[in-house]
Amino acid sequence: GRNYSDITTLYFYGTGGATGSNIYNMQGNITANNIEIYLNNASGNTRTNVLNTNNYNITANQLKVGNSAFTYYYGRLNAGSSIIDINGNVTIYASDINGDNIINAGTSSWTVSGNWTNNDIFTASTSTVTLDGVSASTISGNTAFNNLKSTTANKQLTFTAGTNQTINDLLTLTGASG
């Protein structure tokens with residue numbers, strides 16, 4: 001695998017024609033501080049940057065798909081059966097009407113220590129997302145999870161008002177209400 005933890009952010013970023021995709025295929029496990037996946041589009045173009053894990057694993061402090069400033073910068077992560085360990089936040093940014101920012105989770109297993117923000121598309125398939133770590137986690141945006149777990153003692157989960165979280169298979173929570 002490759003360790004990119006000596007740089008602030010590992011970008012899967014590019015430019016290209018008006019349509020289609022730039023495909024990045026992982027060839028080994030990746031460790032990085034932050035990972036961002038998006039394409040620098042002109043407004044109105046629909047080209048997307050796609051990172052295929054090829055069933056290799058990702059460890060990072062932050063994962064961002066899309067771009068917070070430009071809703072026409074599109075990104076996609078196809079996670080396959082990878083193990084995705086995010087020691088901070090996962091963010092899927094909102095996109096405009098011409099494209100999408102997507103995480104296709106496949107059969108992957110996710111561990112997220114920070115917040116989960118879905119402002120576009122998360123396709124759960126048969127994946128499992130585990131919210132761990134001692135700090136509180138906020139789940140915002142509408143997300144349909146397959147399996148959602150939080151088994152860390154004293155872990156606080158906050159679900160943003162006005163959003164819907166759907167669990168298609170198994171919800172596992174350990175702790176006390178409060």
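The values are calculated or read from the model by the stated rules, or taken from the named source; none is laboratory data. Because the structure is predicted, anything quoted here is derived from the model rather than measured. All Cβ positions, glycine included, derive from the backbone under ideal geometry; neighbour counts span all protein chains shown. Just so you know, the surface numbers come from the protein's heavy atoms only, side chains and all, with ligands and any DNA or RNA stripped out. Shrake-Rupley method; radii C 1.70, N 1.55, O 1.52, S 1.80 Å.
Kindly indicate which of T172, T126, T160, T152 is surrounded by fewer than 13 Cβ atoms within 10 Å (Cβ to Cβ) and either hydrophobic (A, V, I, L, M, F, W, C) or over 14 Å from the mean Cα position of the chain (by Cα) (or both). I'd like the intermediate steps shown before the answer.
On the way: T126 fails: surrounded by fewer than 13 Cβ atoms within 10 Å (Cβ to Cβ); T160 fails: surrounded by fewer than 13 Cβ atoms within 10 Å (Cβ to Cβ); T152 fails: surrounded by fewer than 13 Cβ atoms within 10 Å (Cβ to Cβ).
Being surrounded by fewer than 13 Cβ atoms within 10 Å (Cβ to Cβ) and either hydrophobic (A, V, I, L, M, F, W, C) or over 14 Å from the mean Cα position of the chain (by Cα) (or both) holds for just one of T172, T126, T160, T152, which is T172.
Mind listing whichever residues of region 120-157 are closer than 28 Å to F70 by Cβ and in a strand (DSSP E or B)?
I121, F122, T123, V129, S137, T138, I139, S140, T143, A144, F145
For V50, work out the one condition from (1) touching a residue at least 40 places away in the same chain (Cβ under 8 Å); (2) open to solvent by less than 20 Å² (accessible area, probe 1.4 Å); (3) not in a loop (DSSP other than H, G, I, E, B) it doesn't fulfil.
(1)
Is it true that A105 is crowded, with 19+ Cβ neighbours inside 10 Å, within 28 Å of A18 (Cα to Cα), modelled with pLDDT of 95 or more and within 12 Å of the chain's Cα centre (by Cα)?
Numbers: crowded, with 19+ Cβ neighbours inside 10 Å: yes; within 28 Å of A18 (Cα to Cα): yes; modelled with pLDDT of 95 or more: yes; within 12 Å of the chain's Cα centre (by Cα): yes.
It is true that A105 is crowded, with 19+ Cβ neighbours inside 10 Å, within 28 Å of A18 (Cα to Cα), modelled with pLDDT of 95 or more and within 12 Å of the chain's Cα centre (by Cα).
For region 5-32, what are the residues that are at pLDDT 90 or above, in a strand (DSSP E or B) and open to solvent by 40 Å² or more (accessible area, probe 1.4 Å)? Spell out how you get there, then give the answer.
Step one: filter region 5-32 for residues at pLDDT 90 or above, giving 8-12, 21-32.
Then drop every residue that is not in a strand (DSSP E or B), which leaves 8-12, 21-25, 30-32.
Correct list: T8, Y11, S21, I23, Y24, N25, T31.
Between a residue in region 1-26 that is within 19 Å of N78 (Cα to Cα) and any residue that is open to solvent by 70 Å² or more (accessible area, probe 1.4 Å) and among the polar types (S, T, N, Q), which pairs come within a Cβ distance under 7 Å, given they are 6 or more apart or on different chains?
Going by the 7 Å Cβ cut-off, the qualifying pairs are N25/N54; M26/N54.
Mind listing just one residue for me: the one in region 60-102 that is assigned to a loop (DSSP other than H, G, I, E, B) and aromatic (F, W, Y) and, of those, surrounded by the most Cβ atoms within 10 Å (Cβ to Cβ)? Write out each step before concluding.
Quick first cut of region 60-102, residues assigned to a loop (DSSP other than H, G, I, E, B) only: 66-73, 79-82, 87-89, 93-101.
Narrowing further to those that are aromatic (F, W, Y): 70, 72-73, 93.
Working: F70: 16, Y72: 21, Y73: 26, Y93: 23.
Ranking the candidates gives Y73 first.
For a quick check of your reading of the model, give me the residue pairs whose first member lies in region 114-129 and is under 16 Å from T152 (Cα atoms), whose second is of a type in the set (D, E, K, R) and open to solvent by 30 Å² or more (accessible area, probe 1.4 Å), with beta-carbon atoms closer than 7 Å and at least 6 apart or on different chains.
Going by the 7 Å Cβ cut-off, the qualifying pairs are T128/K149.
Being charged (D, E, K, R) and under 24 Å from Y72 (Cβ atoms) is the filter here; which residues of region 110-132 pass it? Write out each step before concluding.
The initial filter retains those residues of region 110-132 that are charged (D, E, K, R), namely 120, 132.
Selection gives D120 alone.
If T166 satisfies every condition in (1) out of contact with any Asp or Glu (no Cβ under 9 Å at 6 or more places or on another chain); (2) open to solvent by less than 40 Å² (accessible area, probe 1.4 Å); (3) assigned to a strand (DSSP E or B) but one, which is the exception?
(2)
Check T174, T126, T151 and return the single one that is modelled with pLDDT under 95 and touching an Asp or Glu at 6+ places or on another chain (Cβ under 9 Å). It would help to see each step written out before you state the result.
On the way: T174 fails: touching an Asp or Glu at 6+ places or on another chain (Cβ under 9 Å); T126 fails: modelled with pLDDT under 95.
Every option except T151 fails the conditions.
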